[in-house]
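Enquirer: I am attaching a structure below and will ask some questions about it afterwards.
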Amino acid sequence: MSVPLSLDVSQAHPRLSELTVVDVRTPAEFASGHLPDAVNVPLDRLTRSLPELRSAAEHRPLLVVCASGARSENAAGTLVSRGIPASSLTGGTQAWTAEGHVLHYPDYPDGSRKRAVWAMERQVRFTAGVGVLLGLALGLLLHPALALLSAAIGGGLVFSALTRTCGMAVVLGRLPFNRRGAGRPP
């Protein structure tokens with residue numbers, strides 16, 4: 001079965017049983033709620049997981065999901081360029097829940113639900129904002145050259161927007177609180 005490069009929630013929901021759902025968020029984001037029967041393959045591990053994803057796609061096309069659709073769009077593009085049938089869920093889990101569909105949570109032995117982790121986009125915005133404010137404060141209080149930290153962060157954000165990549169998200173994704181709660185591999 002062929003699939004388009006992107007599917008919106010109204011297209012994906014009725015076909016969910018025909019697709020293998022691959023969530024490319026960090027394990028902690030995945031643990032804070034994911035689509036039914038989704039498997040977690042964080043974006044930074046996507047290329048290492050290509051053989052398993054190719055094998056999974058032989059049975060059912062892949063539906064790639066993240067929080068907002070940006071990371072899943074990049075991941076689906078990578079998979080398609082490698083000959084693996086994949087679609088991105090437009091709007092991600094945010095659109096999924098906005099349409100009234102529920103998210104599933106990992107089963108923990110004590111029946112609890114672990115603390116939700118901020119979405120990666122929110123973590124990046126917070127970290128960039130703190131860095132800019134810190135650079136401005138240091139530039140005013142210690143030495144004007146330290147204000148260049150703010151300029152460097154601004155340049156990084158522009159580069160991120162132009163290249164549709166985010167080095168800060170890669171670094172934040174490696175922090176311990178973003179690594180807990182990984183799902184099963186495909």
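Enquirer: Report yes if some residue within the range 22-44 is modelled with pLDDT of 90 or more, assigned to a helix (DSSP H, G or I) and either buried (at least 16 other Cβ atoms within 10 Å of the Cβ) or not β-branched (Val, Ile, Thr) (or both); otherwise report no.
Expert: No.
Enquirer: If you take the residues in the range 61-93 that are outside any helix (DSSP H, G or I) and over 21 Å from PHE30 (Cα atoms), which one is farthest from the chain's Cα centre (by Cα)?
Expert: Per the criteria, the residue is GLY83.
Enquirer: Sticking with this one: Anything in the range 2-15 that is more than 19 Å from the chain's Cα centre (by Cα), closer than 19 Å to HIS59 by Cβ and surrounded by 14 or more Cβ atoms within 10 Å (Cβ to Cβ)? List them, or say none.
Expert: Hits for the range 2-15 are VAL3, ARG15.
Enquirer: Considering only residues of the range 45-69 that are touching a residue at least 60 places away in the same chain (Cβ under 8 Å) and surrounded by fewer than 16 Cβ atoms within 10 Å (Cβ to Cβ), which is farthest from HIS34 (Cα to Cα)?
Expert: Ranking the qualifying residues of the range 45-69, first place goes to SER55.
Enquirer: How many of the residues in the range 1-21 are in a loop (DSSP other than H, G, I, E, B) and among the hydrophobic types (A, V, I, L, M, F, W, C)?
Expert: Residues that pass the stated criteria total 4.
Enquirer: In the range 101-129, which residue that is open to solvent by 70 Å² or more (accessible area, probe 1.4 Å) and part of a helix (DSSP H, G or I) is modelled with the lowest pLDDT?
Expert: Ranking the qualifying residues of the range 101-129, first place goes to ARG122.
The values are calculated or read from the model by the stated rules, or taken from the named source; none is laboratory data. In this text, all values refer to a predicted model and were calculated from it rather than measured experimentally. Cβ: placed from backbone, ideal geometry, glycine included. Neighbour counts: every protein chain shown. What goes into the accessible areas is simple: the full protein's heavy atoms, side chains included, and nothing from ligands, DNA or RNA. Shrake-Rupley method; radii C 1.70, N 1.55, O 1.52, S 1.80 Å.
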